[in-house]
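To keep things clear, I will list the structure first and then write my remarks on it.
The values are calculated or read from the model by the stated rules, or taken from the named source; none is laboratory data. Because the structure is a prediction, the values reported are computed rather than measured. Positions of Cβ are backbone-derived with ideal geometry, glycine not excepted, and every protein chain shown enters the neighbour counts.
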Amino acid sequence: MARVPYLEQSDLAPEDQSLLNRPIWLAKALVNSPKAARAFFGLGGYIRHGSKLDPRLRELAILQVGWLARSPYEWSHHVKLGHDFGVTDADVRALIDDTDGKPTDLDALSKLVLQAAREMTRDGAMSAPTFAALQTELGNELVVDLTLTIGFYNAVVRVLGTLQIDVEPDYQPYLDQFPFPA
């Protein structure tokens, strides 16, 4: 059960109602502070719609953060969203295996992106070799966008966990299909 109420558009001032155009439970909780929600959605919107980073790589990075954080909401939402952006079920299984140090068929760049997300999530920063390799592969603009994406979603999982945002029933099947280890 969330620690703050899930608000509806009718609970908000007219100028804030558009913040719930995508009425997921995270949004319904964040609009308890409309200005904070607007800022949060601004950066999230850039990551999803403004960045030139390959969307499949973006989603793999986000999924890696969600998996490591054991964030049911983040994981379930981005398994679904990942499918929309080219992440396959085989990719999700490979991410899990790669995290466990098992061999996978993922391409080298995907593995590097997952490594970067693991380092930032576990250690607080990418290692110099990982950053240099990504900078060579992606260039400065995209390596900054990837870094921002991983950092932002590390913040997102902490917000989700602290506010105790529930997984919506529509997303539960993704969590059931790819559950966290016991």
Determine, yes or no, whether LEU12 is buried (at least 20 other Cβ atoms within 10 Å of the Cβ), at negative phi and not β-branched (Val, Ile, Thr). no
Take the residues in the stretch 67-87 that are charged (D, E, K, R) and surrounded by fewer than 24 Cβ atoms within 10 Å (Cβ to Cβ), then tell me which one is farthest from ASN154 (Cα to Cα). ASP84
Single match in ALA39, ALA61 (criterion: without any contact (Cβ under 8 Å) to a residue 12 or more places away in the chain and either closer than 15 Å to THR149 by Cβ or within 17 Å of the chain's Cα centre (by Cα) (or both)): ALA39
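Residue-by-condition table, conditions (1) crowded, with 16+ Cβ neighbours inside 10 Å; (2) acidic (Asp, Glu); (3) more than 15 Å from LEU160 (Cβ to Cβ):
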{"residue": "PRO5", "(1), (2), (3)": "no, no, yes"}
{"residue": "GLU8", "(1), (2), (3)": "no, yes, yes"}
{"residue": "ASP16", "(1), (2), (3)": "yes, yes, yes"}
{"residue": "ILE24", "(1), (2), (3)": "yes, no, no"}
{"residue": "ALA27", "(1), (2), (3)": "yes, no, no"}
{"residue": "LEU57", "(1), (2), (3)": "yes, no, yes"}
{"residue": "VAL65", "(1), (2), (3)": "yes, no, no"}
Those helices (runs of 4 or more DSSP H) completely within the stretch 61-172 that have 2 or more residues that are β-branched (Val, Ile, Thr) are 89-99, 108-123, 128-163
Count - residues of the stretch 125-182 that are touching a residue at least 60 places away in the same chain (Cβ under 8 Å) and either among the small types (Gly, Ala, Ser) or in contact with a strand residue (DSSP E or B) (Cβ under 9 Å, 6 or more places away or on another chain) (or both): 1
Considering only the stretch 149-167, state which residues are among the charged types (D, E, K, R) and farther than 16 Å from PRO5 by Cβ. ARG158
Looking at this structure, is LEU19 under 16 Å from the mean Cα position of the chain (by Cα) and part of a helix (DSSP H, G or I)? no
Close pairs (7 angstrom Cβ cut-off, 6 or more residues apart or separate chains): more than 18 Å from ASP54 (Cα to Cα) in the stretch 84-111, part of a loop (DSSP other than H, G, I, E, B) and of a type in the set (A, V, I, L, M) anywhere: ALA94/LEU106; ASP98/LEU106
Quick check on this structure: which one of ALA116, ALA90 is more than 23 Å from PHE41 (Cα to Cα), within 19 Å of the chain's Cα centre (by Cα) and crowded, with 20+ Cβ neighbours inside 10 Å? ALA116
For ARG48, are the conditions met, namely being touching a residue at least 12 places away in the same chain (Cβ under 8 Å), in a helix (DSSP H, G or I) and of a type in the set (Lys, Arg)? no
Working carefully through the options THR121, THR130, find the one that is closer than 16 Å to ILE150 by Cβ, modelled with pLDDT of 95 or more and under 13 Å from the mean Cα position of the chain (by Cα). THR121
Identify all residues within the stretch 29-55 that are surrounded by fewer than 12 Cβ atoms within 10 Å (Cβ to Cβ), of a type in the set (Lys, Arg) and either closer than 27 Å to GLN172 by Cβ or in contact with a helix residue (DSSP H, G or I) (Cβ under 8 Å, 6 or more places away or on another chain) (or both); write none if there are none. LYS52
Test for VAL4: is it outside any loop (DSSP other than H, G, I, E, B) and at pLDDT 95 or above: no
